[in-house]
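Beneath this line is the structure, given in structure tokens, with notes to follow.
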Amino acid sequence: MPVGILPPEDAAARDVEERLRDLAARFPPALRERVNRLLFGAAESILQLAEVDLVRFEAGSSAGSHTLALWEELAPVMSETVESVNRLVAVAEEVFPPRAEGDLDAGLDAAFGSASSDSVAERPPSKEEEIAGMVSAVSMGLRRDVTRLGERLRNPSVVSDTWNLISDLLEFRGRLRAGIGELIYQLASTVEDVERINVVPGYALDLSQALLVRNAATNLAFLFRGHARRIAATPDDRLATVLGEALRDVQAFSRTRALAALRTADKRIFLETRTELHALSLETPPRVREIKLTTENLARFLDSLSMVSRRENLRLHDRQHLAEASAEVEIARQTTEASSVRAGLVRAVAAASALYGRDAQLDAFLRAQRHFPAEWLADTETATELGKLGNLLAAIPAP
């Protein structure tokens, strides 16, 4: 089947697969087949550990009700998670047998750290030794993290709360994907300067979902903060009407793919608060204090979703686009012709648009661009607008 007619996610997966085969072929002959098995074992594990939807949404309900997956659905996911990790560890230890037991730190976080300052190698490690050391650290980290998951799942406070159980399981799967993806990236980087999005299966999809969450949550937070201010100042006899307007925006967000892509803990807060607000909107007379308090709490929660920008894939994404936007501003500043300044400003805005949700001041600028884009500016205004964007970009801390 030609790549052009594949679904985008399948075409991306095929591109990554071909890229990994090319990279494996660049290793020394003695390592080539072993690296190939390791790379594709890791890639298969990432795909097996893909995001799963364990929260069900009822379409057509004005309250947007939800249910959690039953135990019968959770058990296979738990089993698949452990089996996938064990298969990868078996392949890794077969192709690159573990080194002698040493003072390896626990967990995946230590797998990609630099060597200890008090250990001085007598000679630089060979490529095989370098890979074997990395694989050994990752394998040990995977084993220990699976053990920790088992301990968590035996904790009564986790097992008795389905939300906690789902949160632990899905966050663990995400952590495994990230760790295994980093192993692939580090291996590929030993033979070529690569980007994660080109060599890590599922990375592009994870990034697009993170951007979707950030964009949609930023829009809802902006809209709902306005609703919260209006609700706080509205007379009691009009409160139900104003609350209904706020709930329409909440429901609009609920219809997007961003809701399903929220992290489980955030999803729980949003869904439970949405249900509470919907119930309050139906009561007569309205419980004014509860409505205003719940609305303000939801506004604060939505503001807190800006923390999504701390995700590693978004940090790397933002670093690249911040540099691109800043470079376009500097190029445009070097010209005096109005049409060239405008063209540079348009390119800079396009690059900066990928940062929406990263910084509140830049967000306000980008929202204004939706109504009056840079292409419409008078010649006398382009340099001023360019300077404004440049200052906003310069004020954003490096991701």
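The values are calculated or read from the model by the stated rules, or taken from the named source; none is laboratory data. Source: prediction; values computed, not measured. Cβ sites come from the backbone with ideal geometry, for glycine too, and all protein chains shown count toward neighbours.
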- Qualifying position, being in contact with an Asp or Glu (Cβ under 8 Å, 6 or more places away or on another chain) and crowded, with 20+ Cβ neighbours inside 10 Å, among Arg177, Arg225: Arg177
- Having 2 or more residues that are small (Gly, Ala, Ser) is the bar; report the helices (runs of 4 or more DSSP H) wholly within the stretch 139-210 that clear it. 162-189
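Take Gly226 and decide whether it is in a helix (DSSP H, G or I) and under 30 Å from Gln361 (Cβ atoms). So that I can check it myself, show each step before the final result.
Details: in a helix (DSSP H, G or I): yes; under 30 Å from Gln361 (Cβ atoms): yes.
It is true that Gly226 is in a helix (DSSP H, G or I) and under 30 Å from Gln361 (Cβ atoms).
Please find, among Arg310, Arg289, Arg319, Arg347, the residue that is surrounded by 14 or more Cβ atoms within 10 Å (Cβ to Cβ) and charged (D, E, K, R). Write out each step before concluding.
Values: Arg310 fails: surrounded by 14 or more Cβ atoms within 10 Å (Cβ to Cβ); Arg289 fails: surrounded by 14 or more Cβ atoms within 10 Å (Cβ to Cβ); Arg319 fails: surrounded by 14 or more Cβ atoms within 10 Å (Cβ to Cβ).
Residue meeting the stated conditions: Arg347.
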- Message: Please determine whether any residue of the stretch 283-302 is in the same structural domain as Gly244 (by TED's automatic domain parsing) and under 17 Å from the mean Cα position of the chain (by Cα).
- Response: yes
- Message: Contact list please: Cβ distance under 7 Å, first residue in the stretch 338-363 and under 25 Å from Leu212 (Cα atoms), second residue among the basic types (Lys, Arg), pairs at least six apart or on different chains.
- Response: Gly357/Arg214
- Note on the structure: The condition of being more than 25 Å from Val250 (Cβ to Cβ), at pLDDT below 95 and either polar (S, T, N, Q) or surrounded by fewer than 20 Cβ atoms within 10 Å (Cβ to Cβ) (or both) holds, among Glu375, Glu324, Glu330, only for Glu375
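So is Ala42 modelled with pLDDT of 85 or more, farther than 21 Å from Ala90 by Cβ, assigned by TED's automatic domain parsing to the domain that holds Asp193 and in a helix (DSSP H, G or I) or not?
Judged against the criteria, Ala42 is not a match.
Give the stretch 277-292 a look and list any residue that's within 18 Å of Asp249 (Cα to Cα) and part of a helix (DSSP H, G or I), or say none.
Step one: filter the stretch 277-292 for residues within 18 Å of Asp249 (Cα to Cα), giving 277-282, 291-292.
Matches in the stretch 277-292: Leu277, His278, Ala279, Leu280, Ser281, Ile291, Lys292.
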- Item | Residue that is modelled with the highest pLDDT [pool: residues in the stretch 333-344 that are surrounded by fewer than 20 Cβ atoms within 10 Å (Cβ to Cβ) and under 15 Å from Trp376 (Cα atoms)] | Ala343
- Query: What pairs come up if the first residue lies in the stretch 278-299 and is more than 10 Å from Leu239 (Cβ to Cβ), the second is of a type in the set (Phe, Trp, Tyr) and surrounded by 14 or more Cβ atoms within 10 Å (Cβ to Cβ), and their beta carbons are under 6 Å apart, counting only those six or more places apart or on different chains?
  - Reply: Ala299/Phe224
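Would you say Thr234 is of a type in the set (S, T, N, Q), surrounded by fewer than 16 Cβ atoms within 10 Å (Cβ to Cβ) and over 30 Å from Ile180 (Cβ atoms)? Steps first, please.
Values: of a type in the set (S, T, N, Q): yes; surrounded by fewer than 16 Cβ atoms within 10 Å (Cβ to Cβ): no; over 30 Å from Ile180 (Cβ atoms): yes.
In short, no.
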